[in-house]
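Input: a single structure, listed below in structure tokens.
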Ligand code: TXA
Ligand code: MG
């Protein structure tokens, strides 16, 4: 299959919507990462997502809407906490676990009786869903287990020849996948941290808590290794001045031209393959996935990453890095 990459325009969105209604799959921009979309109500179309991504069949998809009226097609009832979060944060980078409508195909939710729903703020995502006139199931548009795409080129790198169309809208605003919050129990639970942080959620619903990484039963995707480049990642965790010193010490003992370093504090400019990120987590987040892809050059045997503190969006960054890491060094 030939994969077309088209800049966003009225015509290209129309073409993408036509493909979706015909049961095809299309990559499109959202404010978090690029998604790979199919008509959520068409099981044959949804199956194509699993095949193109090589996604395990037991990992359910997020269903995207562009209008609250579409909730009645895919959910059966909105819990009170969910209504509060919807009023506060939608449209935006947050997805809610809700009770599933019986008509939503089993394959979309991987057999679960819940469905994760998101109302993206990105105008192209909204226009596509509106034009297709159906909720769109869309995981991140990368090969399963690899780094999520923040540019059309990243989608092409992973899925060239496997999908008919990529809508190219340049770099993505947030660059980390949406926060996932389970609203099906009495206390809202963060299953995946994101740009809408636990602190922000607690301001609205103080009882909200963070499911620990180990609680893999709540979010099926958590048990898989994720966000991983080819080269193994060595993640240094601790206070920035201390991790910076620890990385410097580590470099003294190894062949430094075979490693990439992703860092934010210290002085690694002498290192041939060094990728400096902003010190502030919120500014670093949009660049993280692209930097992981760049650092993963063929000659690189190891990627050394300086961790962030887990305040604010740092929690989401560290969640992704910990899942990607082969080795975590706490200093
Ligand atoms: O920002 C995003 O959320 C992007 C864009 C495209 O919207 N999408 C995305 O989808 O990141 P994906 O498939 O890469 O991640 C969805 C996560 C997975 O960890 C999955 O296991 C979890 O949501 N999930 C999906 N359905 C679930 C359910 N019914 N219960 C619990 N977790 C669920
Ligand atoms: Mg993903």
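Nothing in this text is a laboratory measurement; each read-out follows from the coordinates by a stated rule. Quick caveat, the model's predicted, so the values are computed rather than measured. Cβ coordinates were reconstructed from backbone atoms using ideal geometry, including for glycine residues, and neighbour counts include every protein chain displayed.
Tabulated results
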| read-out | value |
| --- | --- |
| Anisotropy class of the stretch 151-310 from Cα gyration tensor, a/c 1.5 cut | oblate |
| DSSP-defined beta bridges in the chain - what % are antiparallel, rounded to 5 | 35 percent |
| The chain, relative contact order in percent, only Cα pairs under 8 angstrom and at least six apart counted | 20 percent |
| Helix-only [θ]222 nm of the chain, DSSP H runs n ≥ 4, -39500 (n - 2.57) each, per residue, nearest 500 | -9000 deg cm²/dmol |
| Geometric extent, Cα atoms of the stretch 251-300 - Rg, Dmax (angstrom) | 11.4, 33 |
| Protection proxy ranking, peptides 78-87, 246-255, 153-162, average beta carbon neighbours within 10 Å, highest first | 153-162, 78-87, 246-255 |
| For the stretch 281-331: rounded, prolate or oblate by the Cα gyration tensor [a/c cutoff 1.5] | oblate |
| Gyration tensor verdict on the stretch 1-119 (Cα atoms; rounded if a/c is under 1.5, prolate if a/b is larger than b/c, oblate otherwise) | oblate |
| Cβ-based exposure ranking for 118, 320, in which fewest neighbours within 10 Å come first | 320, 118 |
| Cα principal axis extents for the chain, largest first, Å | 60, 49, 31 |
| Degrees separating the helix 281-295 axis from the principal Cα axis of the chain, which is the longest one | 80 degrees |
| Exposure proxy order (Cβ contacts within 10 Å, fewest to most) of 303, 107 | 107, 303 |
